[in-house]
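Notes follow the structure.
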Amino acid sequence: MLKGNALAKRVVKVLLHKLAGNTAEQIRFLEFLKLVNELYRKNKTFRDLVLNEEIPLQEKEKFFEDFVQKLDLENKGLAKDLLVFLTKHHGFKYLSLVIRSYQYELENVLGTVKAEIETADEISPEIRENLVKVLEEKLGKKVETSFRVNPELIGGFLVRTTSFVVDASVKNLLKELAMKI
């Protein structure tokens with residue numbers, strides 16, 4: 001049985017190789033991975049199916065075949081093979097790691113970074129543009145952003161990407177001050 005990092009590396013390497021040159025499909029596979037992870041985490045029936053070793057692999061393969069036929073993927077065979085591989089290697093518990101690794105490598109291939117930016121209050125379009133511009137300059141890549149208001153931050157902002165987190169919030173500053181006292 002492969003362990004988390006080894007499994008994630010292997011899955012990411014195969015996906016990027018098999019999907020090379022098809023950016024749209026690479027992005028669809030990221031969404032597919034997220035969907036499967038969500039199913040595994042929140043759907044008891046799906047989780048029981050993949051974990052139950054008394055259910056023959058052929059039955060699971062048939063379910064996976066039917067499942068991927070309903071998805072907007074060009075390479076349905078690869079998607080089914082991935083689900084079978086994850087089942088055989090007890091890899092569903094490592095899907096979050098696979099997703100992070102895949103997204104990180106995909107961002108490198110595409111030369112972009114996805115960033116989630118949380119602010120305590122709504123910010124003006126001008127400030128948003130400046131923040132994105134600074135991120136792009138620092139990272140040397142195009143940054144795709146999503147903004148969200150989170151009043152719990154009290155003030156400041158929080159930036160999350162696949163490779164780092166910048167917490168410039170008042171909430172974090174107060175927490176750090178409390179730790180020093």
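The values are calculated or read from the model by the stated rules, or taken from the named source; none is laboratory data. As the structure is a computational prediction, the values presented were derived from the model and not from experiment. Counting neighbours? That spans all protein chains shown, and the Cβs are built from the backbone with ideal geometry, glycine included. For the accessible areas, the whole protein counts, side chains as well, though only heavy atoms, and no ligand, DNA or RNA atoms are used. Shrake-Rupley method; radii C 1.70, N 1.55, O 1.52, S 1.80 Å.
Details
- Kirkwood Rh, Cα atoms: Rg over Rh of the range 114-181: 1.01
- Full-extension gain in nm, Lys34 to Ile127, via 0.36 nm per residue minus C-alpha separation: 30.4 nm
- Taking all protein chains together, Leu173, Leu16 sort by accessible area into Leu173, Leu16, largest first [probe 1.4 Å].
- Accessible surface calculations at 1.4 Å, restricted to protein heavy atoms, place the chain at 61 Å² per residue.
- Two-decimal log10 I(q)/I(0) for the range 22-111, as the Debye equation yields it once each C-alpha is a single scatterer, q = 0.12 Å⁻¹: -0.36
- 3J(HN,Hα) couplings calculated from phi for the range 21-38 with the Karplus curve 6.51 cos²θ - 1.76 cosθ + 1.60 (θ = phi - 60°) are, in sequence order, x, 10, 4, 4, 6, 4, 5, 4, 5, 4, 5, 4, 4, 5, 4, 5, 4, 5 Hz; Gly and Pro show x.
- Note on Cα Rg over 2.2 N^0.38 Å: of the candidates [x] 1.24; [y] 1.04; [z] 0.99, the value calculated from this structure sits at [x].
- Solvent-accessible surface (1.4 Å probe) assigned to Asp81 amounts to roughly 90 Å².
- Taking amide H atoms as placed 1.01 Å from N in the peptide plane, the amide H of Lys114 lies under 5 Å from those of Glu144, Thr162, each 5 or more residues away in sequence or on another chain.
- Across Thr45, Thr87, Thr145, mean-square fluctuation computed from a Gaussian network of the chain (C-alpha pairs under 10 Å connected) peaks at Thr45.
- Solvent-accessible area, 1.4 Å probe, carbon plus sulfur percent, for the range 56-160: 51 percent
- Candidate cross-link partners of Lys175 among the lysines, defined by an alpha-carbon separation under 28 Å and a same-chain spacing of 8 or more, comprise Lys114, Lys138.
- Share, in percent, of DSSP beta bridges within the chain that are antiparallel, nearest 5: 55 percent
- The helix-only estimate of mean residue ellipticity at 222 nm for the chain, built from DSSP H runs of length n ≥ 4 each weighted as -39500 (n - 2.57), is -19500 deg cm²/dmol after division by the residue total.
- Whichever aspartates and glutamates have a C-alpha closer than 12 Å to that of Lys60, once near sequence neighbours (fewer than 8 apart) are set aside: Asp48, Asp81
- If R0 is 35 Å, the Cβ-Cβ spacing of Lys9 and Glu176 corresponds to a FRET efficiency of close to 0.55.
- Note, ³J(HN,Hα) from phi for the range 50-56, Karplus 6.51, -1.76, 1.60, rounded to Hz, x at Gly and Pro: 6, 8, 6, 7, 7, 7, x
- Most mobile listed residue (Leu131, Leu15, Leu33) in the chain, GNM with C-alpha springs under 10 Å: Leu131
- Inter-site label distance for His89 and Leu57 at 7 Å from Cα along Cβ, in nm: 1.3 nm
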